Amino acid sequence: MDTIASLFSFITWPVSWVIVQFHKMYGAIFGPDTGWAWGLSIVSLVVLIRICLIPLFVKQIKSTRNMQALQPKMKAIQERYKSDKQRQSEEMMKLYKETGTNPLSSCLPILAQSPFFFALYHVLSAIANGQTIGVINQSLLESARQAHIFGAPLAAKFTNSAAEVQALGASITDVRIVTAVMIIMMSASQFFTQRQLMMKNVDLSVKTPYMQQQKMLMYIFPLIFAGMGINFPVGVLVYWLTTNVWTMGQQMYVINQNPTPGSKAQDAYLQRLLKSVTHSGEVKGRRRKNIVKVIVAKGSDRNENERRFFAGLSKAGFAAQADGTVIKSDTIVAEAEGGAAAKRQQPKRQTKAQRQAGTAQQAKDTEAEESAETTEKSASDTESKTSLEKKPETPAKGGTQGQSSGRSRASSGGNRQRKGQQRPKHPSSKK
């Protein structure tokens, strides 16, 4: 580690100068020889570096998303030219050039941060050995060696012997407890950052080897840093823990405010946006309008989360516009209400037992109705027959009287009525 740190010795002067400037500010508050003054100086150094690296972090996000989107095409190229490695490499470079993707962009923040990390390691190693370095003179060196964080000197390591720790004015137990806790926190923050990236901010509709690699790194990286952490001074552990916490918070902000399309984080974000639009009747904020604008421009290429968002807008009576705003539409409201009413009018689905019970009850009701009709008809016939037996017959007198009597018998007899035109009587009959 000392050999690697010496390669970045050219940057130790600016790193030590920044630490000393922050130490002057915090020393006026907490005291120049306290662990708070020197510890907060290192934390402030991390914050300053990470603020300067924000543009690289933005490029890292774009590159990571582009790499995720290109995984199916890259896999197709590898299968097509698996026997020709040179042609495969050429096609890969052509694909990167066409899409404007740089595979190294995802590593830029780590690569840019490495010189500062090793320079700080070099500074703290010099302090542990009692050597002046950069702008840290002898008085500052003595002040830094007296600074302790929870009983552990800034320059102490987990692997130091009891004599080395005692020379720094501390006990080996305090040093190992403090360093072990910081190493665990450093590894846990690294794991949580990678886990929330994989679980929430990855397009689940695309299954590629890239996702499997990221899952492996999620478990491997914390173990690597835990193994390296036992060789880091306490001051370097403060630096690394601070940068991990910064990365975790930065990643949480990106996931909540600018999630990857097709991920669980995007679904949660669009549901929050839908709730806000339904409550206020408008899309608030330029960034939110840009997101709605991009989704509208996709057209039929929208993913499931985006289609669900538009369906929710339509149900609430809103229509998204090309400029990212929404308008109220009475037609959409009427269609939504009509669809809801039609849906409510649909009968409830019955179980097989309920359907069989209903069929049996219907058969019983039909049988009872037929029995009642038969009884009523039988009673009617009996009544008609009794009426005919009691009524005396009147002899016919003339044609008109005979016809009248015939019509009377036809109306009372019912079944004996002759249909059609009646046959005229014979001329020889008496009138």
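The values are calculated or read from the model by the stated rules, or taken from the named source; none is laboratory data. Small disclaimer: the values here were computed from a predicted structure and weren't measured. Please note: Cβ atoms are built from the backbone with ideal geometry, for glycine as well, and neighbour counts cover all protein chains shown.
Quick look at the values:
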read-out: Test for ASN244: is it of a type outside the set (Val, Ile, Thr) and buried (at least 20 other Cβ atoms within 10 Å of the Cβ); value: yes
read-out: Considering residues of the stretch 156-172 that are surrounded by 15 or more Cβ atoms within 10 Å (Cβ to Cβ) and in a helix (DSSP H, G or I) only, the residue nearest to the chain's Cα centre (by Cα); value: ILE172
read-out: Candidate set from the stretch 277-313 (those that are of a type in the set (S, T, N, Q) and out of contact with any Asp or Glu (no Cβ under 9 Å at 6 or more places or on another chain)); member that is surrounded by the fewest Cβ atoms within 10 Å (Cβ to Cβ); value: SER300
read-out: Matching residues in the stretch 1-56 - criterion: being among the aromatic types (Phe, Trp, Tyr), under 43 Å from the mean Cα position of the chain (by Cα), at pLDDT 90 or above and surrounded by fewer than 19 Cβ atoms within 10 Å (Cβ to Cβ); value: TRP36
read-out: Residues of the stretch 103-120 satisfying the condition of being surrounded by fewer than 16 Cβ atoms within 10 Å (Cβ to Cβ) and either modelled with pLDDT under 75 or assigned to a loop (DSSP other than H, G, I, E, B) (or both); value: PRO103, LEU104, CYS107, ILE110
read-out: Candidates ASN258, ASN231, ASN303, ASN244 - the one that is more than 30 Å from VAL47 (Cβ to Cβ), touching a residue at least 40 places away in the same chain (Cβ under 8 Å) and either out of contact with any Cys (no Cβ under 6 Å at 6 or more places or on another chain) or of a type outside the set (S, T, N, Q) (or both); value: ASN303
read-out: Pick from the stretch 173-215, criterion assigned to a helix (DSSP H, G or I), of a type in the set (A, V, I, L, M, F, W, C) and within 22 Å of the chain's Cα centre (by Cα), ranking: modelled with the lowest pLDDT; value: MET211
read-out: Scope the stretch 60-100; condition surrounded by fewer than 17 Cβ atoms within 10 Å (Cβ to Cβ) and within 30 Å of LEU120 (Cβ to Cβ); matching residues; value: LYS62
